[in-house]
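Participant: I'd like to ask you about the structure that follows.
No value in this document is a laboratory result; all are computed from the given coordinates. Quick caveat, the model's predicted, so the values are computed rather than measured. Every residue, glycine among them, receives a Cβ derived from its backbone with ideal geometry; neighbour counts consider all protein chains shown.
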Amino acid sequence: MSRESISLFDIFKIGIGPSSSHTLGPWRAALRFLDSIEQQYGIEQLSAVKVLLYGSLAKTGKGHGTDVAVILGLCGEDPVTFDVNEINPRIRQIGEQKQMKLGGHKTVPFDPTVSVVFLMTESLPFHPNALTFLCTLADGRELAETYYSIGGGFVVKEGESNSSSLNHDLPFPIEKSADLLHWCIKSGLSIAEVVMENEHAWRPETATRSGAMKIWETMRDCIYRGCHIGGILPGGLNVTRRAAALNKRLLNGRTYSNYDEWIQAIREGGSGFQYTLDWVSCFALAVNEENAAFGRVVTAPTNGAAGVIPAVLQYFVVFCDGYSEEKILNYMLTASEIGSIFKKGATISAAMGGCQAEIGVSSAMAAAGLTAVLGGTVKQCLQASEIAMEHHLGLTCDPIAGLVQVPCIERNTMGSIKAITASQLALQSNPDNARVSLDAVVNTMWETALDMNYKYKETAEGGLATNIPISLSEC
């Protein structure tokens, strides 16, 4: 049986909001399609291209910007570096000119209103998030390639394995939390140290460290930016951004000019329970308001749940004196392994498992990471992860109007608080007395996902999405 090897940088990816499976995944699929065509025929041989969106990508694609992501991907733009301020001007230009430059250089006719087709009533059997690229070559031949966005920015091409990392030789192969515990006990290493050893199979430790800190810097900048931008979120729901106003109110006139001074200003307000709780919510709101506004975020492990892990880490940095590279790295390495265990044993796609697969997983990841940096044992880290997910089981994904705004933004605050609570419970417990293991919760989450009605899996056809008087046509 082949094993799936998942790196820290598979779980944490820098991209553009609002959705890892509906925005980042389709964007990456478009880039993979371009690469496939270039290798087989050459992009210059393309004379026309059309995109078909199926299932969940069709039903909530407008709200998630799936069409925008696919178009920018076909233009050859990189979601890691593309200027988010240029998204609307570029899409507007393509719409007006009715043409695009494939891969940045091959001009073909392209009308976004007809060249991206939303097949609302059609789904493909492998995964709800499917898209097909139809193209015509200069000699008249027609080709089609289908891709699946399986959650967290992971993309699979039809006919290939679920992972491009299968059979990668790792010193500590891990499929379940029991494997992770086994290796930690046998080697005497912490979770973070085991993960770092595995990361060596991909790159030198210096590259892993610098890459991880780049991930943190992107999270940090997203929190800071989100805490200083007000206004109304795009999409038609007229959701007011709250993080900036909350930030200003909590600081109560204290001044600063950069991130480090901001941290000091926050600390000067004390460490009371209500004050700390408000800041954790503020951090999470900031990230997911940025995500909803097509800002640059880090999938953690998805965009819809991108606020939990940064908010809990920011809590640790500000209120637990955790502002050191080593502690931040420890947190991220530990959290990433928990995320990979959930991906292997269940899913991190809301279209497959509801919001338990996103907020639930991110909360479990953050709980383990926080426990590790607060001095918890390996068993306590796993227990914290189990506690966090146990109390997210069955959580549905029901975005109003297909937008990653209501209830998604507030759910990140809830997931953050649950992660901190789970960590505290684990730190004050003896995990040897626990009746439920992390692997049991992973299995239960997957069984729950399979039993869950499809309308509660990111379709905007159930839950809050059907009880709020607004239609997709309004957004």
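Participant: Compute log10 of I(q)/I(0) for region 221-287 with the Debye formula, placing one identical point scatterer on every Cα and leaving out solvent, at q = 0.14, 0.19, 0.21 Å⁻¹, to two decimals.
Facilitator: -0.41, -0.72, -0.85
Participant: Please give the helix 359-373 orientation as an angle from the longest Cα principal axis of the chain, in degrees from 0 to 90, rounded to the nearest 10.
Facilitator: With both axes taken from Cα atoms, the answer is about 40 degrees.
Participant: LEU189 to SER36: extension gain in nm, 0.36 nm per residue of separation minus the Cα-Cα distance?
Facilitator: Taking LEU189 through SER36 to full extension adds about 50.9 nm, to one decimal.
Participant: Sticking with this structure for a sec: Per-residue HN-Hα couplings for region 374-380, Karplus 6.51 cos²θ - 1.76 cosθ + 1.60 at θ = phi - 60°, whole Hz, x for Gly and Pro?
Facilitator: Here the 3J(HN,Hα) series is 8, x, x, 7, 4, 5, 5 Hz.
Participant: Excluding LEU425 itself, what net charge comes from residues whose Cβ is under 14 Å from its Cβ, given Lys and Arg +1 and Asp and Glu -1?
Facilitator: In short, +1.
Participant: Next question, about the same structure. Which value at 222 nm does the chain reach when only helices count, each DSSP H run of 4 or more adding -39,500 (n - 2.57), with the total divided by all residues and rounded to the nearest 500 deg cm²/dmol?
Facilitator: Per the formula, -15000 deg cm²/dmol.
Participant: Follow-up. Once amide H atoms are built 1.01 Å from N in the peptide plane, which residues 5 or more positions from GLU158, or in another chain, come under 5 Å H to H?
Facilitator: THR146, TYR147, TYR148
Participant: Continuing with this model, one more query. In whole Hz, what ³J(HN,Hα) sequence does region 58-67 give by Karplus (6.51, -1.76, 1.60; θ = phi - 60°), x for Gly and Pro?
Facilitator: Going residue by residue, I get 6, 5, 10, x, 5, x, 8, x, 4, 4 Hz, with x marking Gly and Pro.
Participant: Oh, and also: Where Rh denotes the Kirkwood radius from the mean inverse Cα pair distance, what is Rg over Rh for region 19-157?
Facilitator: So for region 19-157, dividing Rg by the Kirkwood Rh gives 0.93.
Participant: If you put +1 on each Lys and Arg Cβ and -1 on each Asp and Glu Cβ, how big is the dipole of the chain around its Cα centre, in Debye rounded to 20?
Facilitator: 760 debye
Participant: Still on this model: Could you sort 403-416, 248-261, 379-392, 79-92 so that the peptide with the highest average Cβ count within 10 Å comes first and the rest follow in order?
Facilitator: Final packing ranking: 379-392, 403-416, 79-92, 248-261.
Participant: Ordered by packing density, taken as the mean number of other Cβ atoms within 10 Å over each peptide's residues, highest first, how do 182-191, 58-67 rank?
Facilitator: In decreasing order of mean packing, 182-191, 58-67 become 58-67, 182-191.
Participant: Over all directions, what mean area does the Cα convex hull of region 2-82 project, stated in square nanometres?
Facilitator: For region 2-82, averaging the hull's shadow over all directions gives 6.9 nm².
Participant: Report the gain in length on full extension from GLN428 to GLU86: 0.36 nm times residue separation, minus Cα-Cα distance, nm rounded to one decimal.
Facilitator: Between GLN428 and GLU86, full extension yields an extra 118.2 nm.
Participant: Take peptides 282-293, 220-231 and line them up by average Cβ neighbours within 10 Å, highest first, as a rough protection proxy.
Facilitator: By packing density, highest mean first, the sequence is 282-293, 220-231.
Participant: Just to confirm the number: angle between the C-alpha axis of helix 408-427 and the first principal axis of the chain, 0 to 90 degrees, nearest 10?
Facilitator: Value to nearest ten degrees: 30.
Participant: Next question, about the same structure. Given 10 Å bins starting at zero, what is the percent of C-alpha pairs of the chain in each, up to the one with the largest pair distance?
Facilitator: Pair shares across the bins are 4, 21, 31, 26, 13, 3, 0, 0.
Participant: Using modelled backbone amide H atoms (1.01 Å from N, in-plane), which distant-in-sequence or interchain residues come within less than 5 Å of HIS168's amide H?
Facilitator: The list, which skips near neighbours in sequence, is SER5.
Participant: Would you calculate the volume per residue, in Å³, of the smallest convex hull containing every Cα atom of region 342-475?
Facilitator: Convex hull volume per residue, Cα atoms: 95 Å³.
Participant: Using 1/(1 + (r/R0)^6) with R0 = 22 angstrom and r between the beta carbons of TYR259 and THR206, what's the FRET efficiency to the nearest 0.05?
Facilitator: After rounding, the FRET efficiency stands at 0.35.
Participant: Compute the length gained on full extension between GLU410 and ASN453: take 0.36 nm times their separation in residues and subtract their Cα-Cα distance, giving the result in nm to one decimal.
Facilitator: That pair, GLU410 and ASN453, stretches by 13.2 nm at full extension.
Participant: What are the extents of the Cα atoms of region 276-337 along their three principal axes, listed from largest to smallest and rounded to whole Å?
Facilitator: Extents along the principal axes, in whole Å: 31, 28, 15.
Participant: In degrees between 0 and 90, to the nearest 10, how far off the longest principal axis of the chain does helix 308-319 point, with axes built from Cα atoms?
Facilitator: It works out to around 40 degrees.
Participant: Non-local amide H neighbours of VAL297 (under 5 Å, H modeled in plane, Pro and chain starts lacking H): which ones?
Facilitator: Amide H neighbours of VAL297: GLY15, ILE16, GLY17.
Participant: Take MET452, MET352 and order them by how many other Cβ atoms sit within 10 Å, fewest up front.
Facilitator: Ranked by crowding around the Cβ, least crowded first: MET452, MET352.
Participant: Using the charge dipole of region 1-149 (Lys, Arg: +1 at Cβ; Asp, Glu: -1 at Cβ; taken about the Cα centre), state which of SER19, GLY103, VAL49 has its Cα farthest towards the positive end.
Facilitator: SER19
Participant: Can you tell me the relative contact order of the chain? Whole percent, Cα pairs under 8 Å, sequence separation 6 or more.
Facilitator: In percent, rounded to a whole number, it is 18.
Participant: Just tell me which lysines come within less than 28 Å, Cα to Cα, of LYS343; anything on the same chain fewer than 8 places away is out.
Facilitator: Straight-distance partners of LYS343: LYS13, LYS59, LYS62, LYS157, LYS176, LYS186, LYS214, LYS327, LYS379, LYS418, LYS455, LYS457.
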